[in-house]
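J.: I'd like to ask some things about the structure below.
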Protein chains: 4
Amino acid sequence: MAQTLDEMSPRAALVEIARDFHARGWMAGTAGNLSARADPEHFWITASGRPKGRLDEGDFILVRVEDGAVVERSRAEQSPSAETVIHATLYALFPEANACLHGHSVAACLATARGTTKARALRLPPLEMIKGFDVWAPRPKTELPLFANHLDVKRIAHDVRTRFMRSPPTISALFVRDHGPTVWGRGLQEAYNRFEVLDFLLNYLARR
Amino acid sequence: MAQTLDEMSPRAALVEIARDFHARGWMAGTAGNLSARADPEHFWITASGRPKGRLDEGDFILVRVEDGAVVERSRAEQSPSAETVIHATLYALFPEANACLHGHSVAACLATARGTTKARALRLPPLEMIKGFDVWAPRPKTELPLFANHLDVKRIAHDVRTRFMRSPPTISALFVRDHGPTVWGRGLQEAYNRFEVLDFLLNYLARR
Amino acid sequence: MAQTLDEMSPRAALVEIARDFHARGWMAGTAGNLSARADPEHFWITASGRPKGRLDEGDFILVRVEDGAVVERSRAEQSPSAETVIHATLYALFPEANACLHGHSVAACLATARGTTKARALRLPPLEMIKGFDVWAPRPKTELPLFANHLDVKRIAHDVRTRFMRSPPTISALFVRDHGPTVWGRGLQEAYNRFEVLDFLLNYLARR
Amino acid sequence: MAQTLDEMSPRAALVEIARDFHARGWMAGTAGNLSARADPEHFWITASGRPKGRLDEGDFILVRVEDGAVVERSRAEQSPSAETVIHATLYALFPEANACLHGHSVAACLATARGTTKARALRLPPLEMIKGFDVWAPRPKTELPLFANHLDVKRIAHDVRTRFMRSPPTISALFVRDHGPTVWGRGLQEAYNRFEVLDFLLNYLARR
């Protein structure tokens, strides 16, 4: 086993993460999408509609950050995830982000469904675990940005871009209501670690 | 690993699904039964009373859709699952269905036990995950059909046939109260994906 | 993989069950004990104090049903589980029992801690799953016998013998309060299946 | 597989425990730290910031009990866990302790967050499982010592030393609020077993 996910080829690491997330119930059916930046202008992303416990490296498509255009694919019949535009938005906003993971979880949906449906953010609990997001304060009041879900994914991406350009998030994560968390990082290992950390925090809230 | 369950032989795929469902607690003891259509008139179904974490391909019996008659078996002492008649009913009703999975889960029993015992359907939560059932509406009001459990399985099958002939379900799933979900699909992979999706939705309801 | 646990040697099967139960959290630390009858007068049982995820066949000791005397052991320093007397009691009471599994689970402790501490039995929910205990009634009122826990295990065994000689249980299981379930069966596979079934039912009660 | 963790080299056993704890959600991201005494004056401890599901033996650093000074490391760029001072404190206080495991868990955080934030200890439930801590009383009133969390880890270590010198704990475990449990033992297997036992007890409290 490689020491970290960053020492593997990006697509091999994404296959491994998808299998892991599927086994944990974070990618039920074909839900979720994973990506890794190939170079400043392009990223690999999961093809649409594949069962996430059974991907191989041919299930990733190379697209352009600027406009989501397909640059390379192994299987002619495949198209990139419908949520590619959200990944592209995040890579464009955050040049230091090199990996972006989006899954679904029951606990996350429960935790974020509490309280008013108008809230723009969810206060995360001040557990030690929050340090996984590089938050180093005594009783931190960390907020997870919440966005409304829309059938038209471009609308979600537009909301993300608009809000984050005005006020960047304090942690590298967001949540689309009734849908699931998206977490990014400087590398695949960091994004993976932080996805686990966010899940821990949302589980705590869901069970409290 | 095959790319999808549909690229495996039906019985090999069913063995894999049974092991997977058993490990998740969806086939405790010998509970549950799985089938796949072999041709328009026949399907393979689990033999009765086998421990679901330890099946092999010889534990499936070929039966006729029309009347559930046994056409082929590997082990003379085995008979098809007592619930074969429900599978046969679904294959007869839905010619596009080629796979049918029935398991049990604590969360599913809890979610469906809420509310009145007379309800004929359970409203599923409008989570993004519902798209796994090909539901593409902004705030979908998807319903899971509920049926009463009977010791006489033919009575359950009769209720299913009668109701679905009058009003077909909007999703390819049903739930027998105090018993468990049955999910079908155009292929084994689709049925498997949708079983996971339904479990996600029922877990959400059970924990809400 | 053998088709059923009954096709393996008893000790090999017990090693496999212990690993499985440990992985599920039913044998945390060194908790729990497992046995299988070798012949009408003797049974193999786990040695005391071993970590249950790491047993081998040398960790089982052959004892006499009549008085629990040690007949054979692989490692001179080992003694049979402190709860051997409960297994011996059950094998003496039920000649058809050939395997006996005792574990611990959080859900089981929670479910049985509800209600008054004087109750002698817990009503199990009338789920389809109860058929795993050969209960075939429309709305069965199945009861799980409850016993008080005592530091002196012989006292528990005495209570079991006294009550079961007067009124045998309707299912092959009992529960010692604040402790854990014991399930027996005609063979290892049946005992294993029924342990899973009981866990399903107690989980349902704990979460209801 | 070795019969117990104590029959493996300490670092190989720590790698195995880290993978196991990560898979159970007790070491999300890079959280937690594990150590084993190498000789009376030194112990091996996890390097800081490594993903706990992917360690190898080179990820452990040999430090001195007396002052936490680094004595040996495989990778020049690594430093010992920020919480090394807590491990060193426990090894200095308890000469019989040879292994010390610290993880995080949602259930543990939930159980200890109940009640007043001033409580100095949490009463553990009198379940049979408590025997895993060598508690052999009929209705034991076992207490888990609680400590406040501080960004400055030396302050936690100071609180532990001060309190435990005055009144040693009755079990080999402590909990830092909003953070996680630390469990020690005479060997790695005992510490591992007890970590499982404590998790069982805290899960029970969290779900009650």
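J.: When you look at B:G180, is it under 13 Å from the mean Cα position of the chain (by Cα), more than 14 Å from chain A (Cβ to nearest Cβ), open to solvent by less than 20 Å² (accessible area, probe 1.4 Å) and not polar (S, T, N, Q), yes or no?
T.: Working: under 13 Å from the mean Cα position of the chain (by Cα): yes; more than 14 Å from chain A (Cβ to nearest Cβ): yes; open to solvent by less than 20 Å² (accessible area, probe 1.4 Å): yes; not polar (S, T, N, Q): yes.
Criteria met by B:G180.
J.: Right, another one. Just checking, how many residues over the range A:125-159 are closer than 18 Å to A:A97 by Cβ, crowded, with 19+ Cβ neighbours inside 10 Å and either free of Cβ contacts under 8 Å to residues at least 40 places away in the same chain or within 14 Å of chain D (Cβ to nearest Cβ) (or both)?
T.: 4
J.: Oh, and also: Exactly one of (1) in contact with a His (Cβ under 9 Å, 6 or more places away or on another chain); (2) at pLDDT 95 or above; (3) facing chain A (nearest Cβ under 9 Å) is unmet by B:N193. Its number?
T.: So the condition that B:N193 fails would be (1).
J.: Select, from B:E66, B:E83, B:E57, B:E77, the only residue that is within 14 Å of chain C (Cβ to nearest Cβ) and over 20 Å from B:L14 (Cα atoms).
T.: After ruling out the rest, the residue left standing is B:E77.
J.: Right, next: Hey, could you check the range C:71-91 for residues that are farther than 22 Å from D:Q3 by Cα and among the aliphatic types (A, V, I, L, M) and say which is most open to solvent (accessible area, probe 1.4 Å)?
T.: C:V71
J.: Same structure, new question: Exactly one condition in (1) modelled with pLDDT under 95; (2) within 14 Å of chain B (Cβ to nearest Cβ) is false for C:T117; which is it?
T.: It is condition (2) that C:T117 fails.
J.: Has the range D:101-115 got at least one residue that is open to solvent by 70 Å² or more (accessible area, probe 1.4 Å) and at negative phi?
T.: Looking through the range D:101-115, at least one residue is open to solvent by 70 Å² or more (accessible area, probe 1.4 Å) and at negative phi.
J.: Output the number of the condition that B:T162 fails; it satisfies all remaining conditions of (1) more than 11 Å from every other protein chain (Cβ to nearest Cβ); (2) farther than 17 Å from B:G32 by Cα; (3) touching a residue at least 12 places away in the same chain (Cβ under 8 Å).
T.: Condition (3) is where B:T162 drops out.
J.: Do we find a residue being touching a helix residue (DSSP H, G or I) at 6+ places or on another chain (Cβ under 7 Å), surrounded by fewer than 19 Cβ atoms within 10 Å (Cβ to Cβ) and modelled with pLDDT of 95 or more anywhere in the range C:166-174?
T.: no
J.: In addition: Being more than 27 Å from D:S48 (Cβ to Cβ), in contact with a helix residue (DSSP H, G or I) (Cβ under 6 Å, 6 or more places away or on another chain) and modelled with pLDDT of 95 or more: is that true of A:V160 here?
T.: yes
J.: Could you list, in sequence order, the residues of the range B:183-208 that are open to solvent by 10 Å² or more (accessible area, probe 1.4 Å) and of a type in the set (V, I, T)?
T.: none
J.: Quick check on my filter: what residues within the range D:28-69 are assigned to a loop (DSSP other than H, G, I, E, B) and among the basic types (K, R)? Write out each step before concluding.
T.: As a first pass, look at the range D:28-69 and keep what is assigned to a loop (DSSP other than H, G, I, E, B): D:28-32, D:40-41, D:48-51, D:55-56, D:65-69.
Passing the criteria: only D:R50.
J.: How many of the residues in the range D:56-70 are open to solvent by 10 Å² or more (accessible area, probe 1.4 Å) and either under 24 Å from A:A191 (Cα atoms) or of a type outside the set (A, V, I, L, M, F, W, C) (or both)?
T.: Of the residues in that region, 7 qualify.
J.: Suppose we keep only residues that are outside any helix (DSSP H, G or I) and under 27 Å from B:K131 (Cα atoms) within the range A:1-27. Which one would you say is nearest to the other protein chains (Cβ to nearest Cβ)?
T.: Looking at residues that are outside any helix (DSSP H, G or I) and under 27 Å from B:K131 (Cα atoms), I get A:G25.
J.: Oh, and also: As an exercise: evaluate A:F94 against (1) within 22 Å of A:V135 (Cα to Cα); (2) buried (at least 20 other Cβ atoms within 10 Å of the Cβ) and give the number of the one condition it does not meet.
T.: (2)
J.: For the subset of the range A:1-43 comprising residues that are open to solvent by less than 50 Å² (accessible area, probe 1.4 Å) and of a type in the set (D, E, K, R), which member is nearest to B:N203 (Cα to Cα)?
T.: A:D20
J.: If only one of A:L90, A:L101 is of a type in the set (A, V, I, L, M, F, W, C) and more than 14 Å from A:W44 (Cβ to Cβ), which one is it? Let's see the steps before the verdict.
T.: Details: A:L101 fails: more than 14 Å from A:W44 (Cβ to Cβ).
Checking each option against the conditions leaves just A:L90.
J.: Please enumerate the residues belonging to the range C:28-41 that are more than 10 Å from chain D (Cβ to nearest Cβ) and more than 11 Å from the chain's Cα centre (by Cα).
T.: C:R37, C:A38, C:D39, C:P40, C:E41
J.: Within the range A:25-45, which residues are without any contact (Cβ under 8 Å) to a residue 60 or more places away in the chain and closer than 21 Å to A:V106 by Cβ? Reasoning before the result, please.
T.: As a first pass, look at the range A:25-45 and keep what is without any contact (Cβ under 8 Å) to a residue 60 or more places away in the chain: A:29-30, A:38-45.
Residues satisfying the conditions are A:G29, A:T30.
The values are calculated or read from the model by the stated rules, or taken from the named source; none is laboratory data. The structure presented is a predicted model; accordingly, all values stated were derived computationally and were not measured. Every residue, glycine as well, gets a Cβ built from its backbone with ideal geometry; the counts of neighbours run over all protein chains shown. For accessibility, only protein heavy atoms count, side chains too; no ligands or nucleic acids. Shrake-Rupley method; radii C 1.70, N 1.55, O 1.52, S 1.80 Å.
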